[in-house]
Amino acid sequence: QVQLVESGGGLVQAGGSLRLSCAASGRTDSNYDMGWFRQAPGKEREFVARITGGGRLTYYADSVKGRFTITRDNAKNLVFLQMNSLKPEDTAVYYCAAALLHQSTSYVSAFPYWGQGTQVTVSS
């Protein structure tokens with residue numbers, strides 16, 4: 001079992017930046033693929049980005065490619081999402097998620113572990 005806690009959300013103007021963090025605790029001796037998802041009001045939860053256990057491979061939704069960057073620090077059990085050039089349509093609750101090593105995809109169902117989420121609001 002792994003527990004995830006997100007931080008770093010807030011209110012930012014369009015064009016601005018935010019850095020989200022996700023701290024993992026519990027059974028972190030096993031390596032996990034990590035992902036970020038988001039959910040806007042009235043919409044389905046959607047994939048944003050994911051990173052493999054060793055951090056070598058990253059994948060992004062087309063809507064954030066070139067603006068967002070996912071990284072991880074395995075020594076500190078942290079995952080980050082650097083968000084630049086933010087747009088009002090990026091407004092959502094952002095969730096950190098963990099999947100068993102090499103089993104992550106862009107689907108919610110591939111991730112058994114979830115944080116509580118952090119609100120990101122981008123004003124126009």
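The values are calculated or read from the model by the stated rules, or taken from the named source; none is laboratory data. Nothing here was measured: the structure is a model prediction, and the numbers come from that model. Neighbour counts run over all protein chains shown; Cβ positions are idealised from the backbone, glycine included. Areas reflect the complete protein model, heavy atoms only, side chains present, ligands, DNA and RNA absent. Shrake-Rupley method; radii C 1.70, N 1.55, O 1.52, S 1.80 Å.
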Next on the checklist: How large a share of the accessible area of the chain, in percent, is made up of carbon and sulfur atoms when the probe is 1.4 Å and the other protein chains stay in place?
Outcome noted: 48
Next on the checklist: Over the chain, with the other protein chains present, what is the accessible area per residue in square angstrom, probe 1.4 angstrom?
Outcome noted: 53
Next on the checklist: Not counting ligands, DNA or RNA, and with a 1.4 Å probe, what is GLU89's accessible surface area in Å² rounded to the nearest 10?
Outcome noted: 120
Next on the checklist: Let me check against my output: what whole-number percent is the relative contact order of the chain, with C-alpha pairs under 8 Å and at least 6 apart?
Outcome noted: 36
Checklist entry - So how do ASP73, ASP62, ASP90 rank on accessible area, 1.4 Å probe, biggest first, that is with the largest at the start? => result ASP62, ASP73, ASP90
Checklist entry - Would you list TYR32, TYR107, TYR60 from the most to the least accessible area, probe 1.4 Å? => result TYR107, TYR60, TYR32
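Add +1 for every Lys or Arg and -1 for every Asp or Glu among the other residues with Cβ under 11 Å from the Cβ of SER63, and state the total. Could the numbers behind the result be given before it?
Values: positive: ARG38, LYS65, ARG67, LYS87; negative: GLU46, ASP62, GLU89, ASP90.
Neighbourhood net charge equals 0.
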Checklist outcome for this item: Rounded to the nearest 10 Å², the accessible area of ARG19 using a 1.4 Å probe with every protein chain kept is 130
Checklist entry - If you take the beta carbon distance between VAL5 and SER124 as r and set R0 to 41 Å, what does 1/(1 + (r/R0)^6) give as a FRET efficiency, to the nearest 0.05? => result 0.85
